[in-house]
Each structure stands twice: as C-alpha cells, then as structure tokens.
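Laboratory data are not the source of any read-out in this text; all were calculated from the coordinates shown. The shown structure was predicted, so the numbers you read here are calculated from the model rather than taken from an experiment. Ideal geometry is used to build each Cβ from the backbone, glycine not excepted, and the neighbour counts take in all protein chains shown.
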Amino acid sequence: MNFSTRLRELRKKKGLTQSELAKKLNVTYRAIQKYESGEGKPRNTNLVALAKIFDVSVSYLLGETNVNPKFSIAEVMEELNEQRQEKTYKFAKKQLTEQNEENKIVQLSNSLIPYEVEEEQALSAGMGEAYTDEVSKEIVYWNKQVKHDRSVVIRGNSMEPDYHYGDVALICYQDSVDVPGGIYAVDDIERGLAYIKSVFVEDKYIRLVSLNDSEDIEGNRLFPDILLPRNENTRIIGKVVEAFTPIKKEY
C-alpha cells in the first residue's frame, strides 16, 4: 500500500474530513488533496505530525509495512469473546516462547568459544585408540573458556557416565600423577595406543581404571583395568581439566 492510499484510509477510519485533517496539520485543504491523490508528499515534519495524529509509525503511514507497532493488541482482546480470547492468548504465548528461544540461540551462538580439536588422533575412553603422526583438526564450540594445552575427541564409552563418546577432553600437560584416581591422558608408546582413564600409580605398573562398571551376563566387567609397565614406554600426557559436549553453532 502506498502513502496516499494509507493516508486516505487512516483519515476515514478516524472520521475526519480533508478540511478537518488540514486544520489539525496546519496546512491547506488543497495540500491534503494532493497527499491523497499522489500529487505531492508532506515534508518530514508533517509526516511525523500525521503519524502522531493517527497514532501510527511513520513507516506504517508511508506504506512501507503493514504492521503498526503502535497498534494495541489489548484493544483487540477486549472485542473478542472469552473463548477467542483464550485461543489468542495461547497462540501469543507460544509465539513469545519461540521468540525467546530463538533469541537465546542467537545470544549463545554469539558467545560461543572455538576449540581446535584433534580428530584422527583422538584419545580413547575404551580399549585404547591407535594414533598416527598425521593429525587432522576441526573447530568445535563451547560456551566456557578453559585454559588447556591440548583438546581431543573421546572415543568409546568406558568412562561413562562422566565422559561420553564424542565429548571433547581438555588436557593440561604434566608428566606425573599428582592425584591418585584422577583423570589423565596416558600414552602406551609400545603399542601405539592412548587412553583417557582414572589413573593409579603402583610399584611396577600404572593402573588405568574405567568409570563404567557395567558387566556382561556372566558378571565380568566390560572394561577391566589396564596395567601398563612403569617404564619409558608408558607416558603420562597430562591431566584432563575439563570435558564437554560440543555445542552446534547457529549461523
């Protein structure tokens, strides 16, 4: 809808003649005729004044939008019967909830922190993950910034319920176990395997313990302890300081 049509519509809806509108706007009757015929347009100051007279936005007055932000939904609700009021309320409530969720996603996406994660050389929370010299990386996102030296994808489910397949483990380098039973990344150099486990240092071995204590039908643990010799072939990579499930970034 163009300006001239919208102006004529608003004037008639308000019950004003062209002369009465001209008087309110402090212009000539001929000026209003030109506005409504499309022969002329008011100056910016008169546009603002017209918008105030009709209680609409300038954009609505110009026909740039069919939505009048100054329109009161309360006025419509008062005209509806009780049953229709309830339907309108439920619909509006649903729209508001969806809008709030969309805003949360946008805000969250804008505040997400990128992490460069090793993909192929992922560490295992299972029976051991083989690694190679070729390391591909990908960017994943989380909403918390944590200081770390290395981030890797967890494979396997032996560390559930605390660590899940596909989670990202953040590791700070250290070559010793300072907390017995703490979660560490361990390198089995001889077999070319790496693990994320609860670690205990014993006299001759380093014991890797899984948090998942599930058993098979015969009562055997699905993830038994792993004993690695305390020698140059077993290396503590570092302590797991945090783990998270990546958040999908909305664009």
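What the table below lists for this structure:
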| quantity | calculated |
| --- | --- |
| Of 12/87; 137/239; 94/249; 197/249; 94/248, those spanning more than 27 Å from alpha-carbon to alpha-carbon | 12/87; 197/249 |
| Rule-of-thumb Rg ratio for segment 166-232 [Cα; 2.2 N^0.38 Å; N residues] | 1.19 |
| Cα lying deepest toward the dipole's positive end in segment 3-73, options 38, 15, 57, charges on Cβ | 15 |
| Intensity falloff of segment 113-244 expressed as log10 I(q)/I(0), Debye formula with alpha-carbon point scatterers, at q = 0.10, 0.15, 0.19, 0.20 Å⁻¹ | -0.30, -0.68, -1.07, -1.17 |
| Net charge of Cβ neighbours under 12 Å - reference residue 235; Lys, Arg +1; Asp, Glu -1 | -4 |
| Sequence-distant residues sharing a close amide H with residue 243 (under 5 Å, placed H) | 170 |
| Neighbour-count ranking [beta-carbon atoms within 10 angstrom, fewest first] of 164, 148 | 164, 148 |
| Rounded to whole Hz, the Karplus (6.51, -1.76, 1.60) HN-Hα couplings of segment 16-27, x for glycine and proline | 9, 7, 4, 5, 5, 5, 4, 5, 5, 8, 6, 10 |
